[in-house]
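Note sheet for the following structure.
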């Protein structure tokens, strides 16, 4: 019997009770090799005087294997080539609660080689990967092969308020949807802000994006709709407007460029507070001192175990316990320094609301509720209730901090 995926269980819970469900989807976006090339894995932790040296693709994939084994995120997003290696050849997602996904297109605004400028031009649609390669590793999959790889992908669109460009983007999106439906391939839709600064006045940008989402999906029946959205967080008003318009439109936020730890934690906390039900972090996870610990704290925040400022302090305590030097002193890591960026980090869109006063100290070190599954060594997160997941994560955090 196939292992139930937490993504499927959470989507079912959200649609069953859009206003009351507390379920929250977290994805680790490890598809950066489709944007940054050799620099995608991040800088090597080893010291190389006078030069920047990057981790290898093998090291990058080993990090992904560790995230899969951790079983905390709901989705791991990869390039088609990494998906082939980990999902098809190694079978790492068989029996795992995590859903594999692959980037199904790579429009020109994510083409970011060293010295490149293409990503600064108006985005053009493009697809390196074929759905067959994502699903089974080769062209013309037979029906019984399509479950070997991933049945979920990310499709990205960028609108620049130009008739010819946006029309072309919509045409390619329509072609993708039709192919995906024929091949039983699900997708989540990424809506980037315009990558041209003058495309839309900043004061109307949130409304522009919300209207485009509603208008674009109005002509798409349930068989072709995305399972959720990935978009820039434009603040409380815009998030509440979109969620209120259609409670079954599961909204997720993108993490943007690397910043302080509080930047990431506060983004998740704020977006969830105003209606988001998913968050996809790529560079913020990949640049963390300890990726697995960082992911655990993202889950603690999403599940209501701890609030952002206290989570930063607890994360630093874990780093100290592990003997890992933080990138920044604690007080600096407790500041909000970056806005949410476009993929190429070329334009700022919105500041995450600044916390005016310290968040109350979380009571996560008190004894958590007792449930047999919540304290199990290998819990089945897909079948756990929100209360059981909360109890489990409280117990894990208590253990981490001693």
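Put simply, of 230, 237 the only residue that is touching a strand residue (DSSP E or B) at 6+ places or on another chain (Cβ under 6 Å), outside any loop (DSSP other than H, G, I, E, B) and either at pLDDT 95 or above or within 17 Å of residue 279 (Cβ to Cβ) (or both) is 230. The set of residues in segment 110-147 being in contact with a helix residue (DSSP H, G or I) (Cβ under 8 Å, 6 or more places away or on another chain), surrounded by 15 or more Cβ atoms within 10 Å (Cβ to Cβ) and over 23 Å from residue 186 (Cα atoms) consists of 111, 112, 119, 122, 123.
Determine, yes or no, whether residue 29 is modelled with pLDDT of 95 or more, buried (at least 20 other Cβ atoms within 10 Å of the Cβ) and within 26 Å of residue 296 (Cα to Cα). For residue 29, the condition - modelled with pLDDT of 95 or more, buried (at least 20 other Cβ atoms within 10 Å of the Cβ) and within 26 Å of residue 296 (Cα to Cα) - is met. Hey, any hits in segment 40-63 for a residue that's more than 27 Å from residue 109 (Cα to Cα) and part of a helix (DSSP H, G or I)? Within segment 40-63, one or more residues are more than 27 Å from residue 109 (Cα to Cα) and part of a helix (DSSP H, G or I).
In segment 222-234, the residue that is surrounded by the fewest Cβ atoms within 10 Å (Cβ to Cβ) out of those that are touching a residue at least 60 places away in the same chain (Cβ under 8 Å), within 27 Å of residue 202 (Cα to Cα) and touching a helix residue (DSSP H, G or I) at 6+ places or on another chain (Cβ under 7 Å) is 234. Residue 219 meets each of the listed conditions (1) closer than 22 Å to residue 6 by Cα; (2) free of Cβ contacts under 8 Å to residues at least 12 places away in the same chain apart from (1). On the stretch given as segment 294-310, residues that are closer than 23 Å to residue 66 by Cα and assigned to a helix (DSSP H, G or I) total 9.
Kindly evaluate residue 67 against the criterion of being outside any loop (DSSP other than H, G, I, E, B), touching a strand residue (DSSP E or B) at 6+ places or on another chain (Cβ under 8 Å) and without any contact (Cβ under 8 Å) to a residue 60 or more places away in the chain.
So residue 67 does not fit the description; no.
Considering 249, 217, 205, the condition of being surrounded by fewer than 22 Cβ atoms within 10 Å (Cβ to Cβ), more than 13 Å from the chain's Cα centre (by Cα) and within 24 Å of residue 118 (Cα to Cα) is satisfied by 205 alone. Checking 10, 22, 55 one by one, the residue that is more than 30 Å from residue 126 (Cβ to Cβ), buried (at least 16 other Cβ atoms within 10 Å of the Cβ) and in contact with a strand residue (DSSP E or B) (Cβ under 8 Å, 6 or more places away or on another chain) is 10 and no other. Could you tell me whether segment 90-99 includes any residue that is closer than 18 Å to residue 299 by Cα and without any contact (Cβ under 8 Å) to a residue 60 or more places away in the chain? Looking through segment 90-99, none of the residues is closer than 18 Å to residue 299 by Cα and without any contact (Cβ under 8 Å) to a residue 60 or more places away in the chain.
The values are calculated or read from the model by the stated rules, or taken from the named source; none is laboratory data. Keep in mind it's a predicted model, so treat the numbers as computed, not measured. Quick reminder, even Gly has a Cβ in these numbers, built from the backbone with ideal geometry, and neighbours come from all protein chains shown.
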